[in-house]
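J.: Take a look at the following structure, please.
The values are calculated or read from the model by the stated rules, or taken from the named source; none is laboratory data. Every value quoted in this text rests on a predicted model; they were computed, and no experiment measured them. Note: ideal-geometry Cβ built from the backbone for every residue, glycine included; neighbour counts use all protein chains shown. What goes into the accessible areas is simple: the full protein's heavy atoms, side chains included, and nothing from ligands, DNA or RNA. Shrake-Rupley method; radii C 1.70, N 1.55, O 1.52, S 1.80 Å.
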Amino acid sequence: MWWMLAGSLAVLPMQRTLALLLGVISVGWACAAGVVDLRGLIILGIIVLIARVRMHAQGRSHALTLGAEALLLAAGLALFGHLIPGFFNPKILDAVKTGPHSAPFTLYFNFDKALLPFVLLAALPSLLFVKSRFSPRIWQWLLLAASIPLLLLVAVMLGGLRIEPHFPDWLGSFMLANLFFVSFAEEALFRGYLQQRVAGWLGDVPALLIVALVFGLAHLAGGALLVIFAALSGLIYGLAWMWSGRLWVSTLFHFGLNLCHLLLFTYPFYQSH
């Protein structure tokens, strides 16, 4: 089921019909496995109806288009925050420690959050790809990539992390979940939708800064240091989106930072004893 769901997200930018088919199969499989119950299925059905209204209202009724988009965004935020009933995301890891100085880490496979790109794509058809006005050189991309380990080293200097290499036996599960059910979903919300919409109102640079700050504040539960770290990482992902216009580029930067964090540093953060 999880590989089917990941496959639907992987092909979404290239073959939307196939992605929808795999997504529907994944939902049916999740129902059979007890991950989604009747309540969740009914709400997903309502979201599909709203998406069809949004599609048919395009070019016909501006008010109806905006209303349907607002409802889809609200549904997406509810999925993101695990607020919709009827979803039972399985716990894959329970308070494991990747190393002696790492805090306990719990991993869920979030079926509800993974559906977010589908919902936001229905709200904003250009979610996955826009034509970029920028033409960064290769050295600029290399500098942006180099900023990932540099940011993690800054976190070490600030006391939030320590260098602590790991290669856990659950690395495959982490990579699957983090790429498709975390990074892609979060990039769909913060870069593909929010940054694109704010850029349309205020311009590219204000959108980059505002959404990076919002991304940082979304991590407020982790404390002030995590807010700063997330906001700075949001600038990296936002630049990747702004320069490329492709959601998968910012997703790979997001996943690359998380993977580098896990493999080379205390994860999810340094815990003193």
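J.: Could you rank the peptides 29-38, 255-264 by their average count of other C-beta atoms within 10 Å per residue, with the highest value first?
T.: Listed from highest to lowest mean packing, they are 255-264, 29-38.
J.: Which order do the peptides 186-198, 117-129, 144-156 take when ranked by the mean count of other beta-carbon atoms within 10 Å per residue, highest first? Walk me through the numbers on the way to the answer.
T.: Working: 186-198: 23.8, 117-129: 21.2, 144-156: 16.1.
Averaged packing, sorted descending, gives the order 186-198, 117-129, 144-156.
J.: Rounded to the nearest 500 deg cm²/dmol, what is the calculated helix-only ellipticity per residue at 222 nm for the chain, with -39500 (n - 2.57) per DSSP H run of length n ≥ 4? Don't jump to the answer; show the numbers that get you there.
T.: Values: 13 runs with 169 residues, N = 273.
Mean residue ellipticity, 222 nm, calculated: -19500 deg cm²/dmol.
J.: I've got another one for you. Would you kindly compute the Cα radius of gyration of region 10-71 and its largest Cα-Cα separation (Dmax), both in Å?
T.: Spelled out, the Cα radius of gyration and Dmax of region 10-71 are 14.1, 41 Å.
J.: If you roll a 1.4 Å probe over region 9-104 with all protein chains in place, what percent of the accessible area is carbon or sulfur?
T.: The value for region 9-104 is 72 percent carbon and sulfur by accessible area.
J.: For Ala75, what is the net charge nearby, where nearby means another residue's Cβ is under 13 Å from its Cβ and Lys, Arg count +1, Asp, Glu -1?
T.: Result for the local shell: 0.
J.: Could you work out the mean projected area of the convex hull around the alpha carbons of the chain, in square nanometres to one decimal?
T.: 14.8 nm²
J.: Sort 200-208, 6-14, 237-245 for me by packing, meaning the mean count of neighbouring Cβ atoms within 10 Å per residue, highest on top. Each step should come with its number before you reach the end.
T.: Working: 200-208: 14.3, 6-14: 19.2, 237-245: 23.6.
Result, highest mean Cβ count within 10 Å first: 237-245, 6-14, 200-208.
J.: Could you state the accessible area per residue of region 137-190 in Å², with a 1.4 Å probe and every protein chain left in place?
T.: With the other protein chains kept in place, region 137-190 gives 50 Å² per residue.
J.: What number, in percent, do you get for the relative contact order of region 83-210 if the mean sequence gap of Cα pairs under 8 Å and at least 6 apart is divided by its residue count?
T.: Over region 83-210, the number comes to 28 percent.
J.: So if each residue of separation counts as 0.36 nm, and I subtract the Cα-Cα distance between His62 and Leu49, what length gain in nm does that give?
T.: In short, 2.9 nm is gained.
J.: State log₁₀ I(q)/I(0) for region 116-206 at q = 0.21 Å⁻¹ as given by the Debye formula over alpha-carbon point scatterers of equal weight, solvent excluded.
T.: Results for region 116-206 at q = 0.21 Å⁻¹ read -1.17.
J.: What percentage of the solvent-accessible surface of region 153-204, computed with a 1.4 Å probe over protein heavy atoms, is contributed by carbon and sulfur atoms? Walk me through the numbers on the way to the answer.
T.: On the way: 1480 of 2230 Å².
So the carbon and sulfur contribution to the accessible surface is 66 percent.
J.: How many Å² of accessible area per residue for region 19-135, probe 1.4 Å?
T.: Accessible area per residue, region 19-135: 51 Å².
J.: So, one more: Provide, for q = 0.09, 0.17, 0.18 Å⁻¹, the log10 of I(q)/I(0) from a solvent-free Debye sum over equal Cα point scatterers in region 1-151.
T.: The computed values of log10 I(q)/I(0) come out as -0.40, -1.07, -1.12.
J.: Between Leu21, Leu176, Leu232, where does the largest GNM mean-square fluctuation fall for the chain, given springs only between Cα atoms within less than 10 Å?
T.: Among Leu21, Leu176, Leu232, the largest GNM mean-square fluctuation belongs to Leu21.
J.: Can I ask one more? In nanometres, what is the gap between the two model label sites at Leu77 and Arg137, each 7 Å from Cα along Cα-to-Cβ?
T.: It is 4.2 nm.
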